[in-house]
Amino acid sequence: MAHLRLGLVPDLGALYLLPRVVGLQRARELTYSTREVDAQEALRLGLLMEVCESDALEARVRAIAQSMARAAPAAVALAKSMLNASLDGDRRSAFALEAASQAAAFAAEEPRAQIEAALARQRPAFAGFPRVREGGGA
């Protein structure tokens with residue numbers, strides 16, 4: 001948040017997003033102080049998901065991508081919409097959106113495929129997201 005050192009205001013949504021991640025008091029401190037935070041503090045504050053050594057970064061990113069690629073695309077899209085809207089509405093609106101999204105998800109083919117595959121001890125092949133393979137590429 002070094003913008004203030006240059007006489008500029010933080011941009012790119014920083015002043016909207018930062019208080020939602022670290023709380024208003026901590027966002028104020030980080031913004032007004034313009035101090036730098038190291039990786040461990042950023043992790044503790046919730047600004048980072050995790051920290052890993054640079055030589056392990058590609059393998060970790062690949063593992064995360066593979067984990068995400070196992071999810072049903074339609075359900076991911078619904079969850080993404082709900083998460084994006086979650087901070088702007090109230091609890092009742094969130095629950096109503098959740099119920100509508102769950103009804104839409106149950107109406108799709110993907111849950112049936114997932115349940116059938118799980119019962120057959122197989123992994124379903126959802127259409128929509130390319131599979132991430134070891135060694136690069138989709």
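The values are calculated or read from the model by the stated rules, or taken from the named source; none is laboratory data. What you are looking at is a predicted structure, and each value in this text was computed from that prediction instead of being measured. Cβ: placed from backbone, ideal geometry, glycine included. Neighbour counts: every protein chain shown.
State whether the residues of the stretch 62-81 include one that is polar (S, T, N, Q), farther than 23 Å from Pro111 by Cα and either out of contact with any Cys (no Cβ under 8 Å at 6 or more places or on another chain) or in contact (Cβ under 8 Å) with a residue 24 or more places away in the chain (or both). The answer is no, given that none of the residues of the stretch 62-81 is polar (S, T, N, Q), farther than 23 Å from Pro111 by Cα and either out of contact with any Cys (no Cβ under 8 Å at 6 or more places or on another chain) or in contact (Cβ under 8 Å) with a residue 24 or more places away in the chain (or both). For the stretch 44-57, state whether one or more residues are of a type in the set (D, E, K, R), surrounded by 11 or more Cβ atoms within 10 Å (Cβ to Cβ) and farther than 22 Å from Pro124 by Cα. Yes, that holds for at least one residue. Only one of the numbered conditions (1) in a loop (DSSP other than H, G, I, E, B); (2) surrounded by 14 or more Cβ atoms within 10 Å (Cβ to Cβ); (3) at pLDDT below 90 is not met by Arg131, and that is (2).
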